[in-house]
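The values are calculated or read from the model by the stated rules, or taken from the named source; none is laboratory data. These numbers come from a predicted model, not from an experiment. Every residue, glycine among them, receives a Cβ derived from its backbone with ideal geometry; neighbour counts consider all protein chains shown. Just so you know, the surface numbers come from the protein's heavy atoms only, side chains and all, with ligands and any DNA or RNA stripped out. Shrake-Rupley method; radii C 1.70, N 1.55, O 1.52, S 1.80 Å.
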Amino acid sequence: MSSSKSAIETPTRAIKPMTSRFLYTRAGGRCEFDGCNDYLLEHEPTETPGNFAEQAHIYGFKEKAARGSEPGRPSAEQINEVENLMLLCPECHHQVDQVAPQDYTVETLRRFKLDHEARVFDLTATAKDRDTVPILLKGLIAGRPVDVSDEEMQSAAAPNYIKKRDLKTIDLTGIPDEPDQAFWAMAARAINAKAEAVQEVRTDAGKTLRVSVFGLGPIPLLVHLGARLNDKLDVDLYQLHRNPKSWEWKSGVGEANYVTNRLAEGEGGGDVALLVNLSGSNSLDVVRAAGVGDNVPVHELTLSGQETAPTFLNTRGDLERFIAEYLLVLARIRKEHPPESRLHLFPAVPAPVAIALGLHRLPKVDPTFVVYDRDKRAGGFTQTLEIS
C-alpha cells in the first residue's frame, strides 16, 4: 500500500506530448521570459532548424527547487500541466532557477507567461490582408529622447499587423535642438526622405497602403509629417496615453467636442490665422506678438464644454470629431481667402492632432501653412516651417 501511494504522489519529469504541443503553440515557439522572445526552433547563427527550448516549471518540480515551497504548489498530478510550464531558452531558464531565483516569484513568472501568450494569440488572430507599415517619428521631448517598442506599436495597431521589416523611423534626436531655422530645415529634410521611402513600399495590386503613425517630437515637424503623407495612403494615427502608459486608443466614443470661434475680424483676402487650442490655451495676443498684423482675421478651434488639457484625447472618436470640425474650418477659410493666402497656424495640440493638421490640408486649394512653435528659449511663438 505504501508503494502504491508513493507512485501516485511522486511526479515524473515526463511531460505529456499533448501538453508540450499546447505550450509550444501558446508560446509561438519563442522564449516567454519578458524581454527575451528568442525564437527557439532554429539555431540562430546557422539558421538550422531544431528544438532549442526548455520547458520550465513555474512552481518548482521539487519542493527544494526554485519556487518549490511557495504556497499553492500543484499536486504531483498537476505539476506538469501547461498552466505551470513556461517555454524558455536555456539562458533564461538558468537565470530564473539558478542565478537569481529570488527575483522570479510565481507571480512574476505567471505574468511573463500570460503577457507573452496573450500577445501571441492577438498576433495570430490578425488577418493576412491587414498589414500596416509603421512610421515612427522620434525627437527630443524636454531635452530627452523617447522611443516606442515593437510590442507597443503592435498592441496599439491590432487587429492590424505591424510589418516591422518595413518600419520607417524618422530619428531627429541627433539633430541639435535649437530654436532656429537650420534645425527646422534639417529636420524637415529628414522627414521628406522617409515619407518618400513610404511610397516605395509594395502592396498587392489594387490595395491601398496602410500606415500606422506614432509621433513624438516638436509639433511643427509632426504637422510637416502629416502634410508629406498623401491621400493615397490609409493612415492610422496613435496617441501616447500617460496613465497608464499605452499607445492603444481607449474604448468608447469619447467625450471631446469642438467649436470654432472668430477672435478677430480682418479685411478679408490676404492672410488668416488659426489658433488650435486643445492641449492648452493661447490668446489673440500671441498671434499679434508673433508679428501677424492687426488686420489679419483670427479663428480659434477649441474644445466645447470642457477646459483645454493634454488629457482630452482618449478615443478614435475624439480624433475623428476634431478632424470633422477642422475640415469645416478649412472650407470656411478657402471660401473667404484665395489659395495664394497664408494661414498662420498656432497649435497647442497632442501629436496625432498635429499630424492630422498637415494630413488633411489640400495642397492645390488650401493656403500655404506658416507653422509657429512656442519655445521658452525663444521667448514665445516663433515662425518655424512653411508648408505649401
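Things worth noting here:
- Qualifying residue in the stretch 202-224 (condition: among the hydrophobic types (A, V, I, L, M, F, W, C), at pLDDT below 90, farther than 20 Å from residue 348 by Cα and surrounded by fewer than 15 Cβ atoms within 10 Å (Cβ to Cβ)): yes
- The numbered conditions (1) under 29 Å from the mean Cα position of the chain (by Cα); (2) at pLDDT below 95; (3) among the basic types (Lys, Arg) are all true for residue 335 except (1).
- For the stretch 38-57, filtering for residues that are open to solvent by less than 50 Å² (accessible area, probe 1.4 Å), more than 32 Å from the chain's Cα centre (by Cα) and closer than 17 Å to residue 16 by Cα leaves 2.
- Whether a residue is in contact (Cβ under 8 Å) with a residue 24 or more places away in the chain, open to solvent by 60 Å² or more (accessible area, probe 1.4 Å), in contact with a helix residue (DSSP H, G or I) (Cβ under 8 Å, 6 or more places away or on another chain) and more than 22 Å from residue 253 (Cβ to Cβ) was assessed, and residue 371 does not pass this test.
- Any chance residue 226 is within 30 Å of residue 159 (Cβ to Cβ) and not acidic (Asp, Glu): yes
So that you can scan it fast, the table gives a plain yes or no per residue for (1) closer than 17 Å to residue 137 by Cβ; (2) without any contact (Cβ under 8 Å) to a residue 60 or more places away in the chain; (3) in contact with a Gly (Cβ under 9 Å, 6 or more places away or on another chain):
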{"residue": "177", "(1), (2), (3)": "yes, yes, yes"}
{"residue": "180", "(1), (2), (3)": "no, yes, no"}
{"residue": "187", "(1), (2), (3)": "yes, yes, yes"}
{"residue": "199", "(1), (2), (3)": "yes, yes, no"}
{"residue": "202", "(1), (2), (3)": "no, yes, no"}
{"residue": "207", "(1), (2), (3)": "no, no, no"}
{"residue": "211", "(1), (2), (3)": "yes, no, no"}
{"residue": "219", "(1), (2), (3)": "yes, no, no"}
{"residue": "222", "(1), (2), (3)": "yes, no, yes"}
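- Residue list for the stretch 39-61, restricted to those being in contact with a Leu (Cβ under 8 Å, 6 or more places away or on another chain) and closer than 19 Å to residue 111 by Cα: 54, 55, 56, 57, 58
- Residue match in the stretch 86-98 (condition: loosely packed, with under 12 Cβ neighbours inside 10 Å and modelled with pLDDT of 90 or more): yes
- Of the numbered criteria (1) within 28 Å of residue 162 (Cβ to Cβ); (2) assigned to a helix (DSSP H, G or I), the one residue 45 fails is (2).
- Entirely in the stretch 54-155, the strands (runs of 3 or more DSSP E) that have 1 or more residues that are polar (S, T, N, Q): 54-57, 131-138
- Looking across the stretch 22-37, the residues that are outside any strand (DSSP E or B), open to solvent by 70 Å² or more (accessible area, probe 1.4 Å) and within 20 Å of residue 108 (Cβ to Cβ) come down to 26, 34, 35.
Here's the yes/no breakdown for (1) over 22 Å from residue 115 (Cβ atoms); (2) in contact (Cβ under 8 Å) with a residue 60 or more places away in the chain; (3) β-branched (Val, Ile, Thr):
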{"position": "63", "(1), (2), (3)": "yes, no, no"}
{"position": "68", "(1), (2), (3)": "yes, no, no"}
{"position": "72", "(1), (2), (3)": "no, no, no"}
{"position": "79", "(1), (2), (3)": "yes, yes, yes"}
{"position": "83", "(1), (2), (3)": "no, no, no"}
{"position": "89", "(1), (2), (3)": "no, no, no"}
{"position": "92", "(1), (2), (3)": "no, yes, no"}
{"position": "98", "(1), (2), (3)": "yes, no, no"}
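Listed here are the residues, each with its yes/no results for (1) in a loop (DSSP other than H, G, I, E, B); (2) touching a Leu at 6+ places or on another chain (Cβ under 7 Å); (3) over 23 Å from residue 213 (Cβ atoms); (4) open to solvent by less than 10 Å² (accessible area, probe 1.4 Å).
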{"residue": "293", "(1), (2), (3), (4)": "yes, no, yes, no"}
{"residue": "305", "(1), (2), (3), (4)": "yes, no, yes, no"}
{"residue": "319", "(1), (2), (3), (4)": "no, yes, no, no"}
{"residue": "325", "(1), (2), (3), (4)": "no, yes, no, no"}
{"residue": "329", "(1), (2), (3), (4)": "no, yes, no, yes"}
{"residue": "334", "(1), (2), (3), (4)": "no, no, yes, no"}
{"residue": "339", "(1), (2), (3), (4)": "yes, no, yes, no"}
{"residue": "356", "(1), (2), (3), (4)": "no, yes, no, yes"}
{"residue": "381", "(1), (2), (3), (4)": "no, no, yes, no"}
